Amino acid sequence: MSNLTLKEQLSALALGSPTSETTQETLKKSPQKKPEKATSPAKQKPAWLEHAQYGVELLKAHFPECFKEMQAVQPLKIGIKQDLVIRLGSKDNIVLNDKACMVSSLSYYVSSPSYLKNVITGATRIDLDGNPAGVVSEEEAKYSSDSRQAKLQKKTKPIKQKQISKTA
């Protein structure tokens, strides 16, 4: 078989440029491929989302007692960001970009619907090692609930507008 790609081979034939005998023979013998149906490409995640999710995965790997899968999320200690910065500063085995990624991904983690759902009055907060570090107050639980509701409304609002415009 020829080292040329099918596209290169077809271009060479279309231009009428001389090709090797083996290339011409290969083209004659090779079955024609049917063109693939044009499908819409899979929706790609925005770069910031991939970055945030990568940071959360790093947090889970380096602090497994604190950062858990979304089903087992617990409220975090107030001031955990400062604790995280201090702890990461003392770790030499983590590259600087990953440290920055983890710190910036903390806000993504604590604003996730799963996290906000678990911030309820009286729930135990945990530190980086998974140790108890306070309790969620009623005011904090209300703020969390309001934030979660706002996110849900924001998510469902565009869908309703699209449906209205389709029916009009």
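What follows is calculated from the coordinates using simple rules that are stated; it is not laboratory data. As the structure is a computational prediction, the values presented were derived from the model and not from experiment. Heads up, the Cβs are rebuilt from the backbone with ideal geometry, glycines too, and the neighbour counts pull from every protein chain shown.
Annotations
- The slack in the chain from Asp146 to Gln82, taken as 0.36 nm per residue of separation less the alpha-carbon distance, amounts to 20.5 nm.
- Rounded to whole Hz, the Karplus (6.51, -1.76, 1.60) HN-Hα couplings of segment 83-92, x for glycine and proline: 4, 5, 4, 5, 5, 5, x, 8, 9, 8
- Compared with the direct C-alpha span, the chain from Glu57 to Ser114 gains 19.0 nm at full extension, assuming 0.36 nm per residue.
- Lys pairs, segment 47-148 - Cα-Cα below 15 angstrom, 8 or more residues apart or on other chains: 8
- In this rough spin-label picture, where each label sits 7 Å from Cα along the Cβ direction, the Glu138-Gln44 distance is 5.1 nm.
- Between Asn131 and Asn93, the simple label model (points 7 Å from Cα in the Cβ direction) yields a spacing of 2.1 nm.
- Long-range amide H partners of Ile126 with built H, under 5 Å: Leu76, Lys77, Ala133
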